[in-house]
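Worksheet: one structure, shown below.
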Amino acid sequence: MTSTAGPGRPRRWTAGLAWALWLASLLCLAAVPWLDELLRQAGRRMDYATATPEVIADAIATELGRAVDYRPVETDGAARAANLIAELV
């Protein structure tokens, strides 16, 4: 396979690919704490590799009977949007 860049000129797409892969790895590393926080909020942490079907079934039955605690939801979004629009008009 021959290079169309000619002798003595480097291929620039390899540098672009390296930068893209570096950026993708940074984005993946930045997502790890966020995903860890979501897992902690999910409730029960289990080791599925060593859990038996009976243990998993008991955990599911226990979690289904547990009271749900949702985060508060803001209910004044429409009023805040109206106020912001009113300021612009």
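Miscellaneous remarks
- Scanning the range 10-69 for residues that are among the aromatic types (Phe, Trp, Tyr) and within 13 Å of the chain's Cα centre (by Cα) gives a single hit, Trp34.
- Taking first residues from the range 70-81 that are modelled with pLDDT under 90 and partners that are surrounded by 10 or more Cβ atoms within 10 Å (Cβ to Cβ), no Cβ contact under 7 Å between residues at least 6 apart in sequence or on separate chains turns up.
The values are calculated or read from the model by the stated rules, or taken from the named source; none is laboratory data. Worth saying up front: this structure is predicted, and the values here are computed from it rather than measured. Virtual Cβ from ideal backbone geometry, glycine too; neighbours counted across all protein chains shown.
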